[in-house]
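Undergrad: Following this message is one structure expressed as structure tokens.
The values are calculated or read from the model by the stated rules, or taken from the named source; none is laboratory data. Treat the numbers as computed from the prediction; the structure is a model and nothing was measured. Counting neighbours? That spans all protein chains shown, and the Cβs are built from the backbone with ideal geometry, glycine included.
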Amino acid sequence: MEKRQVEHYWARTSRLMWIMFALWLVFSFLVHFFVKQLNSVTFAGFPLGFYMAAQGSLIAFVIMLFVFAWRQDVIDREENMAEDE
């Protein structure tokens, strides 16, 4: 595999990682900074700030995990770096 292909692969992988990291920061910290403002909105009968602190962030993390694995698999296959190839 030539250096240019490897660099392109790592650029795509790094971009995905930074996007996921930014989303993690949003759901870990940013949402919780605005809990009082979010509590003016209700979701499933609960104030949105409470819901995001108790359940929403955890749900977002699980979804992010699956999206990351799926997108990384797509990148691996497109760049011929998949383990099963």
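Undergrad: For the range 33-73, which residues satisfy the criterion of being at pLDDT 95 or above and either farther than 17 Å from residue 16 by Cβ or of a type in the set (Val, Ile, Thr) (or both)?
TA: Matches in the range 33-73: 62, 63, 67.
Undergrad: While we're looking at this one, here's another question. Taking residue 9, is it surrounded by 12 or more Cβ atoms within 10 Å (Cβ to Cβ) and in contact with an Asp or Glu (Cβ under 7 Å, 6 or more places away or on another chain)?
TA: Values: surrounded by 12 or more Cβ atoms within 10 Å (Cβ to Cβ): yes; in contact with an Asp or Glu (Cβ under 7 Å, 6 or more places away or on another chain): yes.
When the stated conditions are applied, residue 9 passes them.
Undergrad: List every residue pair whose Cβ atoms lie under 8 Å apart, where the two residues are 6 or more positions apart in sequence or sit on different chains, the first residue falls within the range 5-16 and is within 13 Å of residue 78 (Cβ to Cβ) and aromatic (Phe, Trp, Tyr), and the second residue, located anywhere, is modelled with pLDDT under 95 and not in a helix (DSSP H, G or I).
TA: Here the result reads 9/79; 9/81, each pair linking the range 5-16 to a residue that is modelled with pLDDT under 95 and not in a helix (DSSP H, G or I).
Undergrad: Restricting attention to the range 42-66, and to residues there that are under 13 Å from the mean Cα position of the chain (by Cα) and touching a residue at least 24 places away in the same chain (Cβ under 8 Å), which single residue is farthest from residue 11 (Cα to Cα)? First the steps, then the outcome.
TA: Going through the range 42-66, the residues under 13 Å from the mean Cα position of the chain (by Cα) turn out to be 57-66.
From what's left, touching a residue at least 24 places away in the same chain (Cβ under 8 Å): 57, 60-61, 64.
Working: 57: 28, 60: 25, 61: 23, 64: 20 Å.
Once the filter is applied, the top-ranked residue is 57.
Undergrad: Among the listed residues 84, 73, identify the single one that is over 20 Å from the mean Cα position of the chain (by Cα) and closer than 25 Å to residue 1 by Cβ.
TA: Values: 73 fails: over 20 Å from the mean Cα position of the chain (by Cα).
Answer to the selection: 84.
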